[in-house]
Structures are given as C-alpha cells and as structure tokens.
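Worksheet: one structure, shown below.
The values are calculated or read from the model by the stated rules, or taken from the named source; none is laboratory data. Just so it is clear, the model here is predicted, and its values are computed rather than measured. In this analysis, Cβ positions are derived from the backbone assuming ideal geometry, glycine residues included, and neighbour counts consider all displayed protein chains.
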C-alpha cells in the first residue's frame, strides 16, 4: 500500500490500521510504503504504473486526486483514467479558528466583520494549495470577502503564530487545534465538512450559514487501472468490513476522521465532482504550489 505522505501523520495512521487488519484477515503481510514528495505525485505515479494485479494499492488524499490536477501543469498520471477506485475511506474537515482577541464568535459575524475590512485580515494555513488554503478561497468566492493568505510550511508553526496573535485567523485540520479550542486559547467559528465533526460537535458547519458549502480533506484506496472487477470487489468488501470494526472506528475518531466507506462507483463519481469543483477554486484564487 503506497502512501503519498511520510510516517506519523493521520494518513499514515489510517493506512497502517487498514493494512494491519488486512494482514490479520488474509494471513498475508501488507507492507506500507511511504513515498512522500512532489505533493504526493510520486506515490500516485508508482501505483498508476504498477501491474494491476491487486498487490499494489494507493492510499491517496484529495490533494493527489482532485487538487493537484489543477495546480500542476503536467502530471505523470490521470486521476480518473490511471486508477480503479476501491473505496472512499474517510474525510477530515477543516476548521476556521480565530485568536480570542478577534471580536467575532460565529461564521456569520466573521463574514460581516471581514466585509467591513477588505484586505485587512490575514489568515494562516499549512501551505499554498493545501485543502485548508482552498477551503478559505472557496469561502472568499462564496461570500465576496477579501482576506489575505499567509502560507506556512506546515501546521505547527502556523498554529504557534495564531496562538501568539501574530495572525488572527487560521484554517486547519480539526485535530490540529481542537485541544486549543477546548481550553479557550482559540475560538472555533465553523467546520468545513458536510456534517458537524465528531471531534467538535458543538462547532457549527459552514453549511449552517452558507447552505451547500462543503470542503474536507478526504482519503481513499485505489488500485491501478486494469484491475479486474473481482479484485476491486474483494478489496472493497474487505475495506468496508474493516471500517465497521469497533477498534478501527475508535482510532479514526481519535484522529478526527469521519469514516465513509463508499462503493467503487460512488468513489469514482466523487473524484470527478471534486476535480471540477477544485479546478474552479484554483483558477479563481490563482493558487500556486509552494
């Protein structure tokens, strides 16, 4: 199972748990191969060019399959034609947080506050082209507000500066800041997922103020294109059964991950809809790769 990220992050935790369960159920070792770099394009290319026999899988994120095609002029794979989707595994919504000194307590108040101060408010993210960055850009498109992006190289330094008040706002994955929200060091204004997050059930979704708004980092499993329907069906069945296990649900919840477990056809349709959605956001925002 090839991953586009280094060991230790939420994606790695998810993939290793799935791999462990597959190994136990099949009596055959599943190896996790972390191939970080080039925004995840290296890992995706490896799987796109692998033999489609079911022994090489991609555990990818929305960045590789829905955002990178709009950010990069040329990719060594096609997000639709190069893969056989198995299942959309889960999603992690982003959250908009503010330093307590900012006099807003809800998304509605923030939008009004920002409209009255075009170009005066900065917001931090873990980097240009990230799901968090594009979530904020989608908010700008939907509301007409003008807030200024301050990209960092990773979530940790960005969180530090927002906690210190150097930047008043941040869009980030919910697990990265929910501890600071619970103790009052940051104020949560809204989560970007379609539903309220299990990690922050008291925080309203953006959609409760802006109907139809949805933006999450999502994760799924795919085989190389050409994998037989029988192989895809077997892998899908195993994946969905594993996602229903109590210890898997507990681990994913602790990471702030909403379990999905879609069918292959549902996942294929979702990839295509996300490709169209983020292509518009990247174009309108002039987002660039770091």
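For segment 6-25, which residues satisfy the criterion of being more than 18 Å from residue 68 (Cβ to Cβ) and touching a residue at least 60 places away in the same chain (Cβ under 8 Å)?
Within segment 6-25, 10, 13, 14, 17, 18, 21, 22, 25 meet the criteria.
Can you spot a residue in segment 218-235 that is modelled with pLDDT under 95, surrounded by fewer than 20 Cβ atoms within 10 Å (Cβ to Cβ) and over 21 Å from residue 140 (Cβ atoms)?
There is no residue in segment 218-235 that is modelled with pLDDT under 95, surrounded by fewer than 20 Cβ atoms within 10 Å (Cβ to Cβ) and over 21 Å from residue 140 (Cβ atoms).
Would you please name the residue that is surrounded by the fewest Cβ atoms within 10 Å (Cβ to Cβ), looking only at residues in segment 50-79 that are in contact (Cβ under 8 Å) with a residue 60 or more places away in the chain and farther than 30 Å from residue 137 by Cβ?
By that ranking, first place goes to 51.
Filtering segment 245-262 down to residues that are in contact (Cβ under 8 Å) with a residue 12 or more places away in the chain and closer than 17 Å to residue 200 by Cβ, which residue is surrounded by the fewest Cβ atoms within 10 Å (Cβ to Cβ)?
253
So how many residues does segment 15-34 have that are more than 16 Å from residue 236 (Cα to Cα) and touching a strand residue (DSSP E or B) at 6+ places or on another chain (Cβ under 8 Å)?
Residues meeting the conditions: 3.
Scan segment 123-146 residue by residue and report those that are in contact with a strand residue (DSSP E or B) (Cβ under 8 Å, 6 or more places away or on another chain) and either surrounded by fewer than 15 Cβ atoms within 10 Å (Cβ to Cβ) or on the phi > 0 side of the Ramachandran plot (or both).
Once the filter is applied, which keeps residues that are in contact with a strand residue (DSSP E or B) (Cβ under 8 Å, 6 or more places away or on another chain) and either surrounded by fewer than 15 Cβ atoms within 10 Å (Cβ to Cβ) or on the phi > 0 side of the Ramachandran plot (or both), segment 123-146 yields only 127.
Do any helices (runs of 4 or more DSSP H) entirely within segment 1-78 hold 2 or more residues that are closer than 26 Å to residue 251 by Cβ, and if so, which?
So the answer is 10-26, 41-48.
Pull up segment 35-49, narrow it to residues that are crowded, with 18+ Cβ neighbours inside 10 Å and touching a strand residue (DSSP E or B) at 6+ places or on another chain (Cβ under 8 Å), then point me to the one that is nearest to residue 22 (Cα to Cα).
Residue satisfying both the conditions and the ranking: 47.
Have a look at 64, 28 and point out the one that is outside the structural domain of residue 173 (by TED's automatic domain parsing), closer than 13 Å to residue 222 by Cα and modelled with pLDDT under 95.
Sole residue among the options that is outside the structural domain of residue 173 (by TED's automatic domain parsing), closer than 13 Å to residue 222 by Cα and modelled with pLDDT under 95: 64.
Can you pull out the residues in segment 147-186 that are in contact (Cβ under 8 Å) with a residue 60 or more places away in the chain, surrounded by fewer than 15 Cβ atoms within 10 Å (Cβ to Cβ) and over 24 Å from residue 115 (Cβ atoms)?
153, 184
Is it true that some residue in segment 84-94 is touching a residue at least 40 places away in the same chain (Cβ under 8 Å), touching a helix residue (DSSP H, G or I) at 6+ places or on another chain (Cβ under 8 Å) and more than 21 Å from residue 268 (Cα to Cα)?
Scanning segment 84-94 turns up at least one residue that is touching a residue at least 40 places away in the same chain (Cβ under 8 Å), touching a helix residue (DSSP H, G or I) at 6+ places or on another chain (Cβ under 8 Å) and more than 21 Å from residue 268 (Cα to Cα).
Do any helices (runs of 4 or more DSSP H) lying entirely in segment 120-207 carry at least 1 residues that are farther than 24 Å from residue 258 by Cβ, at pLDDT below 95 and more than 21 Å from the chain's Cα centre (by Cα), and which ones are they?
Fully inside segment 120-207 and qualifying: nothing.
Residue 240 is checked against (1) surrounded by fewer than 20 Cβ atoms within 10 Å (Cβ to Cβ); (2) in contact (Cβ under 8 Å) with a residue 40 or more places away in the chain; (3) part of a loop (DSSP other than H, G, I, E, B); (4) out of contact with any helix residue (DSSP H, G or I) (no Cβ under 6 Å at 6 or more places or on another chain) and fails just one. What number does that condition carry?
Tallying (1) surrounded by fewer than 20 Cβ atoms within 10 Å (Cβ to Cβ); (2) in contact (Cβ under 8 Å) with a residue 40 or more places away in the chain; (3) part of a loop (DSSP other than H, G, I, E, B); (4) out of contact with any helix residue (DSSP H, G or I) (no Cβ under 6 Å at 6 or more places or on another chain), residue 240 fails exactly one: (3).
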